Amino acid sequence: RVTAIGRSAFLNCAGLTSVTIPSSVTMIDGGAFAYCSALASVTIHDTITMIGEAAFDGVEDIHVHITDLAKYCTANSSYLLPGTKHLYLNNEPLTEIVIPEGVIEVGSNAFADCIDITKVTMPNSVTTLGEKAFKGSGIDTNLCYSDPEVQKLYKCQGENPRKITLTA
């Protein structure tokens with residue numbers, strides 16, 4: 001039974017076009033699928049708790065299929081999937097995201113470069129946005145400072161923080 005995908009396991013695997021991470025896997029190590037230039041689709045189950053730095057580095061225009069939005073939001077990832085990506089939840093394209101109640105943190109880069117996302121609704125339970133959580137997506141990249149409505153609702157802690165903590 002496979003429980004982890006090791007560092008650089010599929011590095012430069014040019015013929016790889018699609019990956020379904022088995023539900024037994026909880027960790028994808030750094031660079032695991034880096035520079036797999038033909039990789040167009042990846043399915044990530046809700047068992048994933050950590051995605052290593054640059055796990056999918058150099059992979060562009062990818063379709064990411066997830067099964068649990070709450071788990072995806074909180075997966076520990078420093079660079080989830082750089083480059084343009086299209087996000088699907090249970091095979092339905094995500095353009096508007098409603099973060100489930102109970103999620104307290106949206107991880108770093110969780111929705112970075114998801115160009116199809118146009119709206120995000122966060123419950124009161126979300127208190128922390130990881131660094132670059134929405135960078136390059138279809139919504140404002142700095143929710144605290146760019147969106148006047150969010151500015152009214154939340155007070156951002158610290159000046160130019162690496163991690164934004166929202167408080168009501």
Unmet requirement for Val59, which otherwise passes all of (1) open to solvent by less than 40 Å² (accessible area, probe 1.4 Å); (2) under 11 Å from the mean Cα position of the chain (by Cα): (2)
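I'd like the full set of residues that are touching a Ser or Thr at 6+ places or on another chain (Cβ under 7 Å) and modelled with pLDDT of 75 or more, limited to the stretch 133-145.
Hits for the stretch 133-145 are Ala133, Phe134, Lys135.
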Residues located in the stretch 102-119, provided they are under 20 Å from Ile62 (Cβ atoms) and out of contact with any helix residue (DSSP H, G or I) (no Cβ under 7 Å at 6 or more places or on another chain): Ser108, Asn109, Phe111, Ala112, Asp113, Cys114, Ile115, Asp116, Ile117, Thr118
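Residues to consider are Gly107, Gly102; find the one that is open to solvent by less than 50 Å² (accessible area, probe 1.4 Å) and at pLDDT 75 or above. Show your work before the answer.
Values: Gly102 fails: open to solvent by less than 50 Å² (accessible area, probe 1.4 Å).
When all the criteria are applied, what remains is Gly107.
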Test result for Leu69, touching a Leu at 6+ places or on another chain (Cβ under 7 Å) and open to solvent by 10 Å² or more (accessible area, probe 1.4 Å): yes
Single unsatisfied condition, Tyr72 versus (1) under 16 Å from the mean Cα position of the chain (by Cα); (2) assigned to a loop (DSSP other than H, G, I, E, B): (2)
Positions within the stretch 116-132 being loosely packed, with under 15 Cβ neighbours inside 10 Å and either over 19 Å from Ile51 (Cβ atoms) or at pLDDT 80 or above (or both), in sequence order: Thr118, Lys119, Thr121, Pro123, Asn124, Ser125
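Name every residue in the stretch 9-53 that is on the phi > 0 side of the Ramachandran plot and either of a type in the set (Lys, Arg) or buried (at least 18 other Cβ atoms within 10 Å of the Cβ) (or both), in order of residue number. Before the answer, list the steps.
In the first step, residues of the stretch 9-53 are kept if they are on the phi > 0 side of the Ramachandran plot; the result is 12, 31, 35.
Result: Gly31, single match.
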Residue match in the stretch 29-46 (condition: part of a loop (DSSP other than H, G, I, E, B) and either under 26 Å from Met122 (Cβ atoms) or free of Cβ contacts under 8 Å to residues at least 12 places away in the same chain (or both)): yes
Residue pairs meeting the criteria (Cβ under 6 Å; at least 6 apart or on separate chains; first farther than 28 Å from Thr121 by Cβ, in the stretch 51-70; second among the acidic types (Asp, Glu) and outside any helix (DSSP H, G or I)): Gly52/Asp29
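The values are calculated or read from the model by the stated rules, or taken from the named source; none is laboratory data. Values in this document were obtained by computation on a predicted structure and should not be read as measured data. All Cβ positions, glycine included, derive from the backbone under ideal geometry; neighbour counts span all protein chains shown. Just the protein is used for accessible areas: all its heavy atoms, side chains included, with ligands, DNA and RNA removed. Shrake-Rupley method; radii C 1.70, N 1.55, O 1.52, S 1.80 Å.
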